[in-house]
Structures are given as C-alpha cells and as structure tokens.
Amino acid sequence: MLDIFLQALIISGGLFWLGLKFYNGKSRRWGGIILIIVFVGMVLFHRELEITKQLQGILIGSLMILIFGLWDDWKNLSWKIQFCFQIILVGVLVYFGFAVQYFAGINGTDIRLDQVMLLGVSVGSLAFMFFWMVGIINAINWSDGVDSSMGAIAVVGGLSLIFVSFLPEVNQPAVAVLASIFLGGLAGFLVFNLPPAKIEAGTSGSYFVGFVLASLAIIAGSKIITVMIVLILPLIDFVWVVIERWRNKKSIFRKDKSHLHYRLRRMGWSDRRIFLSYFIFLGSVLITYSLLDSRIERIVLLGVELFLILIGFLIVKNITSNNIL
C-alpha cells in the first residue's frame, strides 16, 4: 500500500522537473503554473482516485487559480479584485459540497456549526469556510516573500495532511494520495526555489498552495487543528501584520516590510537560514504532535507552539522596530 503514495510523490516531483525543463522560459514566476498543471494532471489520470464531487471542486478551483494567477502576474490586480476572487473560490467549494458541520470538543461534546440554516446552507459552516479559506490563502500568499519561505511551510503542511489521512478516526487513503501528489510537486518546486531561487511560485502558486492545504484539511474529517500545527506560523504573521498596519493607520493591503521573514532578513539572516529555521521548527512540532495520543495533549502542544511564536515575534519586532519600508 505504501508504494502507491511513494509512486504518487516521486512521479509528481518528476513531472514538475520535466515541466520546468520543457518550459525553460525567462519568467521566474511560472513555478506555480507548472505546479498546478502537474497536480491536476496527476489527479485526473491516477488510477487509485475517484473523481468525487468535492475533488471536482478542488480541480476546478485549481484551474481557476491558474488563470487568475496569470492575469494577476500580468496586470498586478488590485486587492479588491483578488478578494472578490477568493470569495468566488469559497463559493465554488460550497457548491461542490464542502462544509464543516461541527468540531469535536475536548469533553466529548461536539461544537455544532449547523444550528442556523439559510436556503439549505449552514450559516455557521459558510462563515467558517469563508474565514478559513480566505485566511489560509492570504497567509500563504503573504509568506512568499523570500526564497523558499513559503516552500518550507507548504512541504511540512503536505506532510501534515498525509499524517492526518492515516489517523484511525480519519482513515482516508484517497486524501493521502492527493497529499502525496501535492507534496511531490512541492518537493520538485522547492529544489529550484531554494536560495538563490531559480523559479518563483507567483500568485498562482501561492494561491494554489493555500487553497489545497485548506481544502484537504476539510476533506480529511475537518482535522483543522492538525493542519493548524503547521499553518499557525503564517496565520500569526498574517494577523500580526494586519493589526500592525491598522494601528499605524495604514491600509492593511498596502505592501511593506513588516512580515516576519523581512524582519529576520533585516537582522542579518540569509534566506537559506530563514528557510531552514521555518522547516526545522515546523517539522519538529509536527513530529512531536504525531507522537501524542490524546486530543488534550495535542491542543496543549498547539498552545505551546502559539506561545513560542508570539514570543519570537515580540523579540524580532523589538530588534527591528525601525526602518520598516
């Protein structure tokens, strides 16, 4: 059984390499385009995968991202257009059957999101889908500021999805195959995105990575907390920057150098050191998480991780409080 996932991972990585060699163009921002084409092609022709309604939603959303990413890389679209597109992506997933009806509570009592219905749609589920998808897509997109920073987060995120799919309470081999295909393409991309990067993800790549990570987390029995172990770093960075811009009376959509990776770079860290720090920290937390058995222990670990990240943010902010461009 294991060979199925290894084959998916290796073939996907190999196809990304072939796609890059075939393209061999001058634009560095086509890494995401190749990543999407490899993923969609592998999913469509993989003999172990059934194209379910939800998987159709992921494939259609991925192709929409491909087209939109090319448009944005060409025209540098405004934040309003990008935000509207993200809402459309959420609508596509809802149309194709994505929903989060409840979360399992610590004491065995479920936290229901389907108490209020409107036109046959759970209002709570729809609200969660919106904040989850839009938050993850933007967090991943904003993390793509220095070479391989997004790649480190994405690769460990792919590993977390594979881990989730093998949990006894989930037991979804199809999700593991999808995550393996996704991870293989990411590994191929990361080889060429390591500092100094030869290719970049572009809008299409960063949107696609966030879209797939968030979507598969929902398919895998709504194991949001498990995937949050990895995604909490870019999410905290995203929220931190939004709050900081709001406090300074700046547009939250105005680009600046207040993200964590830019601050670390101003401290003298190289892009390679930033990548390794992200990868080692998130990988260590994921390994520790996988060794824990109870839900309470895993939630405590998430709390400890959150505390460490916030302390790190405070320290880095104090050191680099000046000269934010």
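What FRET efficiency would be calculated for the residue pair residue 51, residue 21, taking the C-beta separation as r and a Förster radius of 35 Å, to the nearest 0.05? Given R0 = 35 Å and the Cβ-Cβ separation, E is 0.75.
Exposure proxy for 42, 228: other Cβ atoms within 10 Å of each Cβ, ordered fewest to most, give 228, 42. Modelled spin labels at residue 239 and residue 321, positioned 7 Å past Cα toward Cβ, are 2.3 nm from each other.
What full-extension length gain, to one decimal in nm, is calculated for residue 273 and residue 169 as 0.36 nm per residue of separation minus the Cα-Cα distance?
Values: separation 104, 0.36 × 104 = 37.44 nm, distance 3.72 nm.
Stretched fully, the residue 273-residue 169 segment lengthens by 33.7 nm.
At a Förster distance of 22 Å, what's the computed FRET efficiency of residue 306 paired with residue 247, Cβ-Cβ distance as r, to 0.05? So the FRET efficiency works out to roughly 0.60. Taking Lys and Arg as +1 and Asp and Glu as -1, the other residues whose beta-carbon sits under 10 Å from that of residue 316 total +3.
Sort 181, 34 by Cβ crowding within 10 Å, fewest neighbours at the top.
Values: 181 28, 34 25.
So the residues, fewest neighbours to most, are 34, 181.
Note on residue 131 and residue 84: the model spin-label points, each 7 Å out from Cα along the C-beta direction, lie 2.6 nm apart. Rounded to the nearest whole Hz, the Karplus-based 3J(HN,Hα) values (6.51 cos²θ - 1.76 cosθ + 1.60, θ = phi - 60°) of the stretch 244-249 follow the sequence 5, 5, 5, 5, 8, 6, with x at glycine and proline. Listed by chain and number, the lysines placed with their C-alpha closer than 29 angstrom to that of residue 21 are 75, 198; residues fewer than eight positions away on the same chain are left out. Could you tell me which of rounded, prolate or oblate describes the chain, using a ≥ b ≥ c as the square roots of the eigenvalues of the alpha-carbon gyration tensor, with rounded for a/c under 1.5 and, failing that, prolate when a/b is larger than b/c and oblate otherwise? Rounded shape, in that the Cα axes give a/c under 1.5. Taking a point 7 Å out from the Cα of residue 266 in the direction of its Cβ, the residues of the stretch 223-251 whose backbone N falls within less than 18 Å of it are 237-251. In the chain, excluding the sites themselves, the longest stretch lacking any of the GluC sites (Glu not before Pro) that are in a DSSP loop with at most 15 other Cβ atoms within 10 Å is 170-325.
Computed from the coordinates by the stated procedures, all read-outs in this text should not be read as laboratory data. Values in this document were obtained by computation on a predicted structure and should not be read as measured data. Virtual Cβ from ideal backbone geometry, glycine too; neighbours counted across all protein chains shown.
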